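For reference, the structure discussed in these notes is given below.
The values are calculated or read from the model by the stated rules, or taken from the named source; none is laboratory data. Since we're looking at a predicted model, the values are computed, not measured. Using ideal geometry, Cβ is built from the backbone for each residue, glycine included, and neighbour counts are taken over all protein chains shown. Heavy atoms of the whole protein, side chains included, go into the accessibility calculation; ligands, DNA and RNA do not. Shrake-Rupley method; radii C 1.70, N 1.55, O 1.52, S 1.80 Å.
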Amino acid sequence: MEDLKEALRQREYIEKMRSVLRDRTASFGRVPTYFIETLGCQMNAKDSEKFAGILEEIGYVKARGEFEADLVLYNTCTVRENANTKIYGHLGQLGAVKKRENPGMRIALCGCMMQEPDEVQTVREKYPFVDLVFGTHNGFKLAELLYRMETEEGPVIDVWEGTEMIVEDLPAIRKYRFKSGVNIMYGCNNFCSYCIVPYVRGRERSRTPENILEEIRFLASDGVKEVMLLGQNVNSYGKTLSPEVHFSELLRQVVRVDGIERIRFMTSHPKDLSDELIETMAYDPKICNHIHLPLQSGSDRILRLMNRHYDTERYLSIVEKLRRTVPDIQITTDLIVGFPGETEEDFQATLQMVKTVRYASAFTFLYSRRTGTPAAKMPDQVPDDTANERFQRLLRLVQEVGREESGKLAGRTLPVLVDETNRQDKTLVTGRLRDNTVVHFPGGAELIGEIVPVFLRESKGFYYLGERC
Ligand code: SAM
Ligand code: SF4
């Protein structure tokens, strides 16, 4: 159940912080500003929208850059080592600015990396200028934590090991007014052997369909046309509810919300992907014909070591059913190179799967050894130069196949949801097809948020140039 009492409690802290901010505005002679830097996945992006909502409700306004903000919040990721390195690099620079130019600057850290006790210890010891640290389970407490930061001595550090609480019903600022992510579940129970997420995001828990639908109805009334249902493994949605609710059932209910014209979801774990879901994807054109289906490796031996609970035969049978049932579906994926023990033969099997499945695009990752995961202790860690060389070969193939796959619709006229004015050429707008491919075409800002028919004149590899019809 979602905790309404806690949401009300947090609204009281928002009020308290508003009064702190009013005093601050009077003494600064201007309104205090905030800046949020978000690393990592869609979940973090969604959390940051909630943080921005709370901060703006308190009265902060958005700063142009982190160095000029009065409050800087880093929402961290820890899925790969380089994400941690990046944060410490940023912090070093920010600490220097705080010392030299703006001693009143407040610096806060949150997100997955802060769920790791060693990292919190490093922050305490090496970055004493950080004022606030919290984790993935208590972000809804942002207003309360800020209030403590403003009224107590020394840094506030509040990281929970886990929680059963789901607190929604707090303000949020959407990046786009016409599309939005919607959390349908939190955490992960899969424990893929390389992955830190279950340790930092906790056990899987689903929101009830009633609460999800209420949020989506509100979003639709506020101008949202496209929702992205978010979870680490949406295919196991509803298993923690009683009675259980299947993800396909949830999708069918979302389809019935007036005003919602496109429904996306991510991520789909192949082990739990059912025939029912495939049929549901074909059941209503509101459900987009795109699926992100992480393969990770094309070698059955490596998939077993990864604890993924499917093999390539099962994966290919899903792909075959998807292609047969959902017209023009685009399939994208995640691939990891250099998992411990990966041989050239295992790697060749991954290349082969890319050729067989024909992904429209893929996120390719170099395996990163995460302390605390089973894979970190596995023998035969692959040397960096071998992994790097394989990574380059994989990237070349993924790009070659992606270019061919994403260009197949040239010559057709299809609906495009316009996202923004093109960043390079202001005479163009940029949007997406239902299958998630990018389209650029001549048009003005008044089209942003509209779904318009576009003739796909020319494929440029991963995007189309088109003309509005
Ligand atoms: N829950 C999603 C799933 O299972 O497909 C993925 C979430 S994870 C944040 C996104 C991707 O990061 C994974 O699919 C995987 O490819 C990659 N990843 C996770 N841990 C990794 C590691 N230790 N090294 C390299 N890539 C990793
Ligand atoms: Fe990580 Fe696997 Fe969970 Fe995805 S399903 S978040 S890869 S443990």
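Rolling a 1.4 Å probe over the protein heavy atoms of segment 400-462, with every protein chain left in place, gives an accessible area that is 50 percent carbon and sulfur.
Please list 89-102, 142-155 highest first by mean number of surrounding beta-carbon atoms within 10 Å per residue.
Most protected by this proxy first, the peptides run 142-155, 89-102.
Only lysine pairs 8 or more places apart, or on different chains, with alpha-carbon atoms under 30 angstrom apart are counted in segment 264-415, and they number 11. Of the peptides 329-337, 435-443, 108-116, 408-416, the order by per-residue mean of other Cβ atoms within 10 Å, starting with the highest, comes out as 108-116, 329-337, 435-443, 408-416.
Each of Gln121, Gly135, Pro32 was scored by the projection of its Cα onto the charge dipole of segment 1-160, and the greatest displacement toward the positive side belongs to Pro32; charges sit on the C-beta of Lys, Arg, Asp and Glu. This model, with +1 at the C-beta of Lys and Arg and -1 at the C-beta of Asp and Glu, gives segment 373-469 a dipole about its Cα centre of some 180 debye. Normalised by the number of residues in segment 409-469, the mean separation of alpha-carbon contacts (under 8 Å, six or more apart) gives a relative contact order of 37 percent.
Taking the accessible area of segment 1-118, probe 1.4 Å, and keeping the other protein chains in place, the carbon and sulfur fraction comes to 52%.
Quote the accessible area belonging to Thr343 in square angstrom, nearest 10, computed with a 1.4 Å probe and with ligands, DNA and RNA left uncounted. About 60 Å², ignoring ligands and nucleic acids. Positive end of the dipole of segment 299-424 (Cβ unit charges, origin at the Cα centre): among Leu303, Ala360, Thr343, the Cα lying farthest that way belongs to Ala360.
At an R0 of 35 angstrom, the distance between the Cβ atoms of Arg396 and Ser274 translates into a FRET efficiency of 0.50. Multiplying the residue separation of Arg18 and Ala376 by 0.36 nm and removing their Cα-Cα distance gives an extension gain of 124.3 nm.
Basic side chains Lys and Arg get +1 at the Cβ, acidic Asp and Glu get -1 at the Cβ, and with that the dipole of the chain about its Cα centre reaches some 840 debye.
Taking all protein chains as they are arranged and a probe of 1.4 Å, the heavy atoms of His246 leave approximately 70 Å² accessible to solvent.
Using heavy atoms of the protein chains and a probe of 1.4 Å, the accessible area assigned to Arg256 is about 150 Å².
Dipole magnitude for segment 19-84: about 120 debye, using +1 per Lys or Arg Cβ and -1 per Asp or Glu Cβ, origin at the Cα centre.
Looking at the chain, the DSSP beta bridges with both ends there are about 35 percent antiparallel. Here each label is just a point 7 Å from Cα along the line to Cβ, and for Arg252 and Arg324 those points are 2.2 nm apart. Between Arg148 and Glu345, the contour length at 0.36 nm per residue exceeds the Cα-Cα span by 65.3 nm. Our summary gives the chain a relative contact order of 10 percent, counting only alpha carbon pairs under 8 angstrom and 6 or more residues apart. Peptides 39-45, 427-433 ranked from most to least packed give 427-433, 39-45, packing being the mean of other C-beta atoms within 10 angstrom over each peptide's residues.
Taking Cβ separations below 4.7 Å as the criterion for a possible disulfide partner, the isolated cysteines in the chain are Cys41, Cys77, Cys110, Cys112, Cys188, Cys288, Cys469. Quick check: from the Cα gyration tensor, does segment 22-179 come out rounded (a/c under 1.5), prolate or oblate? Note, shape of segment 22-179 comes out rounded. Between the listed residues Leu465, Leu146, Cys192, the Cα displaced farthest toward the positive end of the dipole of the chain, a dipole computed from Cβ unit charges relative to the Cα centre, is found at Leu465. The stretch between Arg64 and Phe28 holds 11.2 nm of extra length on full extension. This uses 0.36 nm per residue minus the Cα-Cα distance. For segment 136-247, carbon and sulfur atoms together expose 49% of the accessible surface, with a 1.4 angstrom probe and every protein chain in place.
Distances between every pair of Cα atoms in the chain, grouped in 10 Å steps from 0 to the bin holding the largest one, split as 4, 18, 27, 28, 18, 5, 0 percent. Annotation for segment 284-355 versus segment 65-105: alpha-carbon center distance of 37 Å. Ligands, DNA and RNA are left out, and with a 1.4 angstrom probe the accessible area of the chain is 45 Å² per residue. Measure out, as a whole number of angstrom, how far apart the alpha-carbon centroids of segment 405-442 and segment 129-207 sit. Between the Cα centre of segment 405-442 and that of segment 129-207, the gap is 34 Å. For segment 352-416, the relative contact order comes to 54 percent (Cα pairs under 8 Å, sequence separation of at least 6).
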